[in-house]
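Worksheet: one structure, shown below.
Quick note: the coordinates plus some simple rules give every number you see, no bench work behind them. Model, not experiment: these values are computed from the prediction. Every residue, glycine as well, gets a Cβ built from its backbone with ideal geometry; the counts of neighbours run over all protein chains shown.
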Amino acid sequence: MADMQKLVILLKQIEDQLNRCTRCGMCQIVCPLYIQTGMESDVARGKLALLDGLLDNCFDDPYGTFRRLNRCLLCGACQVNCPSRVNTLEIFLKARVILTEIMGLSFGKRLLLRCMLSQPALFDKFVWWGSKLQKIIARPANKVTGTSCGRLLSPFIGSRHFIPIAQVPFHRHSQISNNRQKKNDLKVVFFIGCLIDKIFPKIAQAVVNICKFHKVDLLIPKNQACCGIPAIAAGDLKTFSNLVEQNTDSFASLDFDYIVTACATCTFSIKKIWPMMLPANSALKKKAEKIAAKTFDISEFLIHKVGLPPSSAMSVPKAVESVTYHDPCHLKKSLGIWQEPRALIKASSQVKFLEMTEADSCCGMGGSFNLQYYDLSAKIGSKKAENIRAADCSTVLTSCPACMLQLADILSTPKNNIKVRHVIEIYNNSLNFHNE
């Protein structure tokens with residue numbers, strides 16, 4: 001039985017933020033989940049009302065409130081469009097932590113987060129074994145989208161199409177080494193991220209190639225841990241803090257100017273979630289704040305810190321490919337980065353850019369939301385798939401590996417001929433490495 005008195009005391013920490021909501025309903029217009037379900041508990045206003053109810057002792061169902069808080073994509077659309085500037089993402093994450101402290105983690109989450117995700121070496125081994133076993137449960141990959149589906153239906157895989165785990169993760173590539181350039185060049189740490197390391201190593205290799213082309217001194221710390229967003233989204237502050245500490249420790253001995261990532265969610269997590277969720281005035285929070293200030297999305301870094309090369313440095317296109325771009329929620333809504341990826345696309349000599357309708361609408365991924373509520377995730381994604389097809393492109397680009405998983409899934413139909421790629425891959429392919 002939950003300790004309601006302790007719960008009310010803990011919820012007092014976010015009372016001032018809760019009181020900023022005027023219940024105007026503007027969040028209804030932009031919430032991708034509410035648009036699908038029409039349920040008040042699925043929109044920010046409804047979730048905030050439930051937390052108010054717990055705080056005011058109007059009811060005593062923290063378990064039901066927690067379930068409704070988890071039915072959220074954490075896309076940030078409500079926060080960006082809120083006239084009262086209610087920081088809904090911070091409220092939802094802190095409320096999940098508070099409710100988890102009262103109710104405890106489930107056995108499955110404890111096993112996954114505290115016994116595996118918080119131990120990078122063990123997590124790497126687990127995923128490596130998964131890459132070997134997937135041949136048994138998955139069909140050969142689709143040549144266009146790169147997706148597989150289950151040979152046998154299972155409760156976990158169901159009807160979804162997924163990108164297989166890479167046979168060799170990026171951190172195991174024998175050719176990977178730190179790019180040591182001139183002393184006066186920029187010194188940059190590359191934060192790889194779990195999905196890029198284990199599913200999309202080609203993206204990481206593209207980052208390495210591009211930094212070498214631009215004469216950037218690239219440092220790749222060993223034993224990098226997860227950015228922590230799966231843990232904090234589950235309300236597990238202990239694992240989240242553990243992961244942040246592991247990562248800050250891996251950066252501590254390095255002399256660098258910036259940290260770059262090619263994952264929108266990792267960028268968002270480091271820049272916003274790390275400082276937001278760590279205890280005030282703690283030594284770890286101070287470290288996180290310093291790192292957050294130096295962290296950049298790769299497209300933002302290239303445009304604002306490096307600069308685009310002259311047209312003579314771009315390769316002569318063999319064929320022009322028509323592409324469109326999907327804005328990851330964590331990049332555009334949460335960080336305001338949307339022009340920079342487009343600048344890289346337009347600088348690429350081998351593509352013709354076609355803007356799609358509602359490019360910044362959520363694709364429906366939402367991390368663990370996709371695992372828990374796949375049917376809803378697919379319905380939200382279907383609208384995105386329609387907009388991509390209407391753009392009349394051969395490739396859809398984005399800046400987030402999680403979005404790439406979702407886009408590949410929703411586009412995996414028998415007649416599909418649209419590829420899914422990362423912006424940085426296109427830019428890498430356009431550079432003329434012979435003229436470095």
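Figures for the structure shown
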{"item": "Tensor-based shape of the stretch 284-436 (alpha-carbon gyration tensor, a/c under 1.5 rounded, otherwise prolate or oblate)", "result": "oblate"}
{"item": "Percent of beta bridges antiparallel (DSSP, the chain, rounded to nearest 5)", "result": "15 percent"}
{"item": "For peptides 21-28, 105-112, sequence by mean Cβ density within 10 Å, most packed first", "result": "21-28, 105-112"}
{"item": "The chain: most fluctuating residue of HIS214, HIS173, HIS326 per GNM, C-alpha cutoff 10 Å", "result": "HIS173"}
{"item": "Protection proxy ranking, peptides 80-93, 297-310, average beta carbon neighbours within 10 Å, highest first", "result": "297-310, 80-93"}
{"item": "Percent of beta bridges antiparallel (DSSP, the stretch 307-435, rounded to nearest 5)", "result": "10 percent"}
{"item": "Selection from ASN223, ILE9, VAL43, by position along the positive dipole direction of the chain (Cβ)", "result": "ASN223"}
{"item": "Rounded FRET efficiency, nearest 0.05, which uses the C-beta distance separating TRP128 from LYS352 and R0 of 45 Å", "result": "0.70"}
{"item": "With 20 Å bins from 0: P(r) over the chain, alpha-carbon pairs, percent", "result": "25, 59, 16, 0"}
{"item": "Charge dipole magnitude, Cβ of K and R +1, D and E -1 - the chain, Cα centre, debye nearest 20", "result": "960 debye"}
{"item": "Over the chain: helical MRE at 222 nm, DSSP H runs n ≥ 4 each giving -39500 (n - 2.57), nearest 500", "result": "-13000 deg cm²/dmol"}
{"item": "Amide H partners (placed H, <5 Å) of LEU431, local residues excluded", "result": "SER315"}
{"item": "Shape of the stretch 241-329, Cα gyration tensor, a/c cut at 1.5", "result": "prolate"}
{"item": "Rg/Rg_ref, the stretch 4-103, where Rg_ref = 2.2 N^0.38 Å and atoms are Cα", "result": "0.99"}
{"item": "Amide H contacts of GLU321 (H built 1.01 Å from N, under 5 Å, at least 5 apart or other chain)", "result": "VAL351, LYS352"}
{"item": "Label point distance in nm, ILE9-ARG114, each placed 7 Å from Cα along Cα→Cβ", "result": "2.1 nm"}
{"item": "Cleavage-rule hits, chymotrypsin sites (Phe, Trp or Tyr not before Pro), the stretch 21-63, DSSP coil, Cβ neighbours within 10 Å at most 16", "result": "PHE59"}
